[in-house]
Amino acid sequence: MTDVKESKELLIALVKLGKLAAKQLGDGVDLSDAVAIAKALADEEFRKALIDGFSGLSSVPAELKDIDAAEAVALIGALYAEIQK
């Protein structure tokens, strides 16, 4: 794993949240959206991604301050892979 571990986990968590929001809230908000969000939060993989992503939040600025090209490529690769899921 690269030195941008926390940044990568945060990026993945944000993409997962964004995809959930776009899917559920794109047509307006109703009760079925709340049920779908509750189901997503009950999913262990989804919940773990969120916990991992936000638990190291304080480390992200330091990681991004000293980012090099290989680490930037790793972040872009993680972003692309998560968007494709």
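Rule-based calculations on the coordinates, nothing more; no lab input. In this text, all values refer to a predicted model and were calculated from it rather than measured experimentally. So basically every Cβ, Gly included, is an ideal-geometry build from the backbone, and we count neighbours across all protein chains shown.
For the pair Ile76 and Ala42, label points projected 7 Å from Cα toward Cβ lie 4.1 nm apart. As a length-normalised measure over Cα pairs under 8 Å and 6 or more apart, the relative contact order of the chain settles at 56 percent. Here the alpha carbons of the chain define both size measures, Rg and Dmax, at 14.5, 45 Å.
Listed by chain and number, the aspartates and glutamates whose C-alpha is less than 19 Å from the C-alpha of Lys85, apart from same-chain residues fewer than 8 away, are Glu9, Asp43, Glu44, Glu45, Asp52. Within the chain, helices built from complete DSSP H runs that reach 24 Å or longer along their own axis (Cα positions) and carry a mean Kyte-Doolittle hydropathy of 0.0 or higher are 5-25. Overall, the chain carries a charge dipole of about 200 debye about its Cα centre when +1 sits on the Cβ of Lys and Arg and -1 on the Cβ of Asp and Glu, all other atoms neutral. With a sphere of radius 10 Å drawn around the Cβ of Ser7, what net charge do the other residues whose Cβ falls strictly inside it have (Lys, Arg +1; Asp, Glu -1)? Residues near Ser7 contribute -3 overall.
Taking other C-beta atoms within 10 angstrom as a stand-in for reagent exposure, Ile12, Ile37 fall in the order Ile37, Ile12, fewest first.
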